[in-house]
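Here is the structure we will look at.
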Amino acid sequence: MEDLESIKDKLEYIDIAMKLLLQYGKNNPDVVDFLSKNTMIARDKENGFCVVISFKKMRNNNE
């Protein structure tokens, strides 16, 4: 179970980043409008990973 706890701790940083992006979106609706129609991608050439950012309006809070 240590591995599961360790990954949960690490995922908290990603959760914080997502909440910051949502807050940024509240303060900058023009950015949300742009990213609801477009996507930003940041790539790491060394390891091949990428991060994809877009905003999507959900129909309700359960989705």
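Loop only by DSSP, 12 or fewer other Cβ within 10 Å of the Cβ. Give me the trypsin sites (Lys or Arg not before Pro) in the range 14-63 that pass, ordered by residue number.
Within the range 14-63, the qualifying trypsin sites (Lys or Arg not before Pro) (loop, at most 12 other Cβ atoms within 10 Å) are K45, K56, K57, R59.
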Item checked: In sequence order, calculated HN-Hα J values of the range 55-60 (Karplus, 6.51, -1.76, 1.60; Hz; x Gly/Pro) -> 9, 9, 7, 8, 5, 8
Next item on the list: Neighbouring Cβ atoms within 10 Å as the yardstick, rank S54, S6 fewest first.
Entry: S6, S54
Notebook entry, point to check: Once you list every other residue whose beta carbon is under 15 Å from the beta carbon of K19, what net charge do they have if Lys and Arg are +1 and Asp and Glu are -1?
Noted result: -1
Notebook entry, point to check: Helix-derived [θ] at 222 nm for the chain: sum -39500 (n - 2.57) over DSSP H runs of at least 4, divide by residue count, nearest 500?
Noted result: -18500 deg cm²/dmol
Check: Taking the Cα atoms only, what angle lies between the long axis of helix 2-27 and the longest principal axis of the chain, rounded to 10 degrees?
Finding: 10
Note to self: When 1/r is averaged over all different Cα pairs and the result inverted, which Kirkwood radius in Å belongs to the chain?
What the structure shows: 13.9
Next item on the list: Given the options I16, I53, I41, state which has the largest fluctuation in a GNM of the chain using a 10 Å cut-off (strictly under) for Cα springs.
Entry: I41
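Coordinate-derived values only; no laboratory data. Just so you know, these numbers come straight off a predicted model, no measurement behind them. Glycine gets a Cβ as well: all are built from the backbone with ideal geometry, and neighbour counts include every protein chain shown.
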